[in-house]
Structures are given as C-alpha cells and as structure tokens.
Amino acid sequence: MPDSQPQPPSSSNPSGSSGQPDPAALLLCGARLTDGRTVDVRLGGGRIEAVGTAGSLAPGPGRKGAARVDLGGYLLLAAPAEPHAHSDTALSAEQPGPVSYAPEDVQRRATEAALLQLGHGATAVRAHVRVGDVQGLGALGAVLQARRSLRGLAELTTVAMPRLLTGVAGADGLAILRDALKMGASVVGGCPDLDPDPTGYVEAVLEVASEHGCPVDLHTDAADPARLSRLAAMAGGLRPGVTIGPCAGLARLNTEAASRLADQLAAAGVAVVCLPQGGCSGADRRGTAPVRLLRAAGVRVAAGSGALRDVSNPVGRGDPLEAAYLLASAHGLRPGDAYDAVSASARAVLGLPEVRVEAGFPAELLAVRGDRLSGALSLAYSRIVVHRGRVVARTSAVREYCNSSAAAAELGLPRQGRTELS
C-alpha cells in the first residue's frame, strides 16, 4: 500500500542536548544497507547524526574521538519493536502448578523476557498485563518495576487487561482499569470475546480510553463478522488509535466477508497485530490473520510474538525476525514488507517515531550478519542492537565443521570458524 514520505524529526538541536557538544559518539563502520550501499553511520545524543560512504565520517565537532563498531559483513536495519508480549506470564511454562503472580516472580520473568527480546533486536516492547481477579494490580506493579529497571536498555510499556467490564462484576473491572491507568499503565486493553457482552465491553474500553487520552489494544479472534463490524464503527476516529489482534478468525471467513471487514477496519484506522509464531494467553484459537488481504485493503498490519514460553506456547521465542520470516515464508509477503511488520509498522502501533538509517532519525538500530534482507531473515544468528545511540546487546554465533579447511579452500568458501573440530 502506498506510504507517505515522512521527514526526520525537525529540531535545531537534534541531539536533544542543552546546546553543548555531545562528547559521546559512536561510529558504525562499514555497514551494508538494504539498498546495497556500504556506509559509515555516526550516532550521538540518541540520534543518527550522519550517514556517509565508508571511511568518510569523523567523530564530529567538539569530540576527541568516538567509539567504533566494525559492521563489515552486517546488514544495518531500523530496530524492530514488539507490539504484543505477555510479560506477566512469560517464561512460566515449566513452572509446576499455576502461574505465580507473586510480584517478585512477575518482575523477574518480565525483566528476563524483555532482555531476551532485546537480544533479538526489539528495543521497544508493549506488554499486555492482566489486572483484577487474582492478580489485582500486583502483576502490573511488578511489570512497571521491571520497566524502571530496564530504563536505558529498552522501552517497556504496559497494557492493562481486565477480564470483565459489563454487568455487576464489570463494575469492579472498570474500577481496577481506572486504577491501573493512574498507576502507570499507558494503554487500555482487554479481551471482549471473554465478556458476556462483548459490544458493551468495547464501549467501556473506548470510554475509559477517551477519558484518559490513551490508545486501545484489544485481544479478539475476530471470528464474528457482526461483532467486528460494530467494533470498527465504534473505534473510528478515536485518537491516539485502536489496535486489535491476533484476529486469526478473519482467515477462517470467506474472502468476500473478510475483505468487507478489512475495508471497514481500514476506514476506521484500526491497526491489526498478527501472531505468526503462535497463540497467546488472550486467544484460544491458533492461526494467523490474512495479512495480504488486510494490507491490500490499507490496514496497518504489524506482527508480534505473543506468548514467550508460557502455557499458551511453551516454545515461544519472542523473536521479531522469526515473525518476519514466517510472514515471508508461510504467508507470501516480500522480505521488505515482512520486516516492515515488525519494525516500521510495529513502531507506529506503539506510537513511536519512525526510524530510518538517515541523519536526524532516532538511533534505534539492528545489525544482522548478512548482506541482504532475505538472507538475514533466513539466518539471523549474529546481531548487534543499538538503543538510544549505544550498543545494548550483542549475539555472536560461529559455525564450525570438522575437517572443512581443505574443502573450503578448494571451493573458495568463506571460513566459518577459527579452529578445526577434532
């Protein structure tokens, strides 16, 4: 679908400093871009200061030197973001008995999960957290504490998810939801499919979101066309926006019905987050939304990871590049469009500024070993992650083969490891 041409954030002082030269800088040297160029990239003040041909950039005025990172052999991309995580239940699959919602357990799991996802490249994560019932606000408080401990490494935002919002029981849910927003949750969420009155649930969520000026992020299978049509009609025009997911039920509808609903979602400005890696705790049925049909209608489609090794998906990886790989390999998206779903579109769903490898844009970057995006999505083992202009995570993988030197030399193959296995 056609995109507008946004400009880098305008500012006379793009570093965001007080006007003094920033003594800290980072030079990314010899990186390959998706357009085939090999460049150096200078970062400072959390932004990209300059992009030039390899070897052309100096540290910058007022700086005696700059740290250098050799990105020869790496493809440099805008960093992905994770729009659909469940931090309160993450990494709990092997825990005996019911999931522990003790604050210290939730905080530990949420922190570890965010660091795992950061290692994969996601510098921003939206965590869906249950509120009310057994959890009360304890799980939310623990995830907010994890957010504070991760400051400077990754951005963690929270979605408050009450179970019921209608009827007698719903009054408590509404009170808890409002308390969650006062406590620090930044998005109003929930699962209308689990409420006896799904339409009333959506109305309540939209009302609370409008009161607080918050975005909305709802779990729905989207299997009921009439219900989804009403949701689109109610959500139209709400700012700062409405997101729904994983919407696997849309793929089970006939093409005509799904296309009609996609047009309604596009007209209402509702974004869809699909989960190609599996289900999540807010959706009972597996499957992936019809991403090509939705994109063709003009719906913004992002991809999330969903469950990270909890009971919904005990082997969930939380890897945005795997989500992009699945969109390309199993759902027919071109590699660039698949990566857009976990980067530019995911950032837009989270309300984050756009990232490009151009001067003036935020320094939220991922370097992946490889020279083309298709190869990076296929074999994305070695990664270097940049958040706010500094390297915050590295993953290095080396493959070695027994007695491979002679064959590699004869065929002119690149050497995979430094040593021979015996």
For this session: Would you please calculate the Kirkwood hydrodynamic radius of region 173-290 over all C-alpha pairs and express it in Å, rounded to one decimal?
Result: 14.4 Å
Problem set entry | Distant-in-sequence amide H partners of Glu82 (H built 1.01 Å from N, under 5 Å) | Ala124, Val125, Arg126
Exercise. Can you give the alpha-carbon Rg of region 287-408 over 2.2 N^0.38 Å, where N counts its residues?
Worked result: 1.22
Exercise. Protein chains only, probe 1.4 Å: how do Arg334, Arg227, Arg399 rank by accessible area, largest first?
Worked result: Arg334, Arg399, Arg227
Exercise. For region 43-202, which whole percent of the accessible surface, found with a 1.4 angstrom probe, sits on carbon and sulfur atoms?
Worked result: 55 percent
For this session: In square nanometres and to one decimal, what's the mean projected area of the convex hull around the Cα atoms of region 64-125?
Result: 7.1 nm²
Seminar exercise, completed: Each label sits 7 Å from Cα toward the beta-carbon; between Asp371 and Arg394 the label points are separated, in nm, by 2.4 nm
For this session: Compute the normalised compactness of region 193-247: alpha-carbon radius of gyration over 2.2 N^0.38 Å, N being the residue count.
Result: 1.04
Exercise. Roughly what angle does helix 167-183 make with the longest principal axis of the chain, taking Cα atoms, 0 to 90 degrees, to the nearest 10?
Worked result: 30 degrees
Seminar exercise, completed: Summing -39500 (n - 2.57) over every DSSP H run of at least 4 residues in the chain and dividing by its residue count gives a helix-only mean residue ellipticity at 222 nm, to the nearest 500 deg cm²/dmol, of -9500 deg cm²/dmol
For this session: Quickly rank 180-190, 73-83 as a protection proxy: mean count of other C-beta atoms within 10 Å, highest first.
Result: 73-83, 180-190
Seminar exercise, completed: Extension length gain for Met183 and Thr199 (0.36 nm per residue less Cα distance), in nm, is 3.1 nm
For this session: State in Å² the accessible area per residue of region 165-272; use a 1.4 Å probe, count heavy atoms of protein chains only, and round to the nearest integer.
Result: 39 Å²
Seminar exercise, completed: In degrees, nearest 10, the alpha-carbon axis of helix 103-120 is tilted away from the dominant principal axis of the alpha carbons of the chain by 40 degrees
Problem set entry | Helix axis angle, 255-268 relative to the chain longest principal axis, alpha carbon, degrees | 80 degrees
Seminar exercise, completed: Interchain or sequence-distant (5+) residues whose placed amide H lies within less than 5 Å of the amide H of Val273 are Ile244, Gly245, Ala302
For this session: Any chance you could list the semi-axes, whole Å, largest first, of the equivalent ellipsoid that the Cα gyration tensor gives for the chain, using √(5λ)?
Result: 38, 24, 22
For this session: In Å and from the alpha-carbon atoms only, list the Rg and Dmax of region 30-170.
Result: 20.7, 68
Exercise. Across every pair of different alpha-carbon atoms, what Kirkwood hydrodynamic radius in Å does region 321-385 reach?
Worked result: 12.5 Å
Seminar exercise, completed: Taking every DSSP bridge whose two residues both lie in the chain, the antiparallel percent to the nearest 5 is 50 percent
Exercise. So what does His120 come to for accessible area, using a 1.4 Å probe and Å² rounded to 10?
Worked result: 50 Å²
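The values are calculated or read from the model by the stated rules, or taken from the named source; none is laboratory data. Predicted model only: the values in this text are computed from it and were never measured. For neighbour counting, all protein chains shown are included, and Cβ atoms are generated from backbone atoms with ideal geometry for every residue, glycine included. Note: areas computed on protein heavy atoms with side chains; ligands, DNA, RNA excluded. Shrake-Rupley method; radii C 1.70, N 1.55, O 1.52, S 1.80 Å.
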